[in-house]
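Colleague: First, the structure itself, so that you have it in front of you.
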Amino acid sequence: MKISQDIRREHGGDLKQDEIEAGMAEKSAEFAAAGNRVYLPLAD
């Protein structure tokens, strides 16, 4: 539990809800641009 708290404090624990939602929306757009697929085909 202390490790999780330390990580949150050092790497984003001070983010506001709107900043978190904006980051999630950005990642959602990246996922959609990649074809909405969890498993991408292997490149030869």
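Colleague: With a 1.4 Å probe and every protein chain left in place, work out the accessible area per residue of the chain in Å², rounded to a whole number.
Modeller: 100
Colleague: Given a 1.4 angstrom probe, I'd like the percentage of the accessible area of the chain that is carbon and sulfur, rounded to a whole number.
Modeller: Result for the chain: 58 percent of the exposed heavy-atom area is carbon or sulfur.
Colleague: So for the chain, taking the charge dipole from beta-carbon charges (+1 Lys/Arg, -1 Asp/Glu), which of Ala33, Ser4, Leu15 sits furthest toward the positive end?
Modeller: About the Cα centre, the residue reaching furthest to the positive side is Ser4.
Colleague: Output ³J(HN,Hα) for the range 21-35: one whole-Hz value per residue in order, computed from phi by the Karplus curve 6.51 cos²θ - 1.76 cosθ + 1.60 with θ = phi - 60°, and x for Gly and Pro.
Modeller: 5, 5, x, 5, 5, 5, 5, 5, 5, 4, 5, 5, 5, 7, x
Colleague: Here's something else I'd like to know. Write out the trypsin sites (Lys or Arg not before Pro) in the chain meeting two conditions: DSSP loop, and at most 10 other Cβ atoms within 10 Å of their Cβ.
Modeller: When the trypsin sites (Lys or Arg not before Pro) of the chain are filtered for loop state and at most 10 Cβ neighbours within 10 Å, Lys16, Arg37 remain.
Colleague: About the Cα centre of the chain, what is the dipole size in debye to 20, counting +1 per Lys and Arg Cβ and -1 per Asp and Glu Cβ, all else neutral?
Modeller: Using only the charged Cβ atoms, the result is roughly 200 debye.
Colleague: Further question on the same structure: Between Lys2 and Tyr39, what is the label-point separation in nm under the 7 Å Cα-to-beta-carbon projection?
Modeller: Once both label points are built, they end up 4.1 nm from each other.
Colleague: At what distance in nm do the modelled label points of Asp18 and Phe31 sit from each other, each positioned 7 Å from its Cα along Cα→Cβ?
Modeller: Placing both labels 7 Å beyond Cα along the Cβ direction yields 2.4 nm.
Colleague: Let me ask something else about it. May I ask for the Kirkwood hydrodynamic radius of the chain, worked out over all distinct Cα pairs and given in angstroms to one decimal?
Modeller: Final number for the Kirkwood radius of the chain is 12.9 Å.
The values are calculated or read from the model by the stated rules, or taken from the named source; none is laboratory data. Remember, predicted model here, so these are calculated numbers, not experimental data. Here the Cβ is made from the backbone with ideal geometry for all residues, glycine too, and neighbour counts use every protein chain on show. Each accessible area value is taken on the protein alone, full model and side chains, heavy atoms only, with ligands, DNA and RNA left out. Shrake-Rupley method; radii C 1.70, N 1.55, O 1.52, S 1.80 Å.
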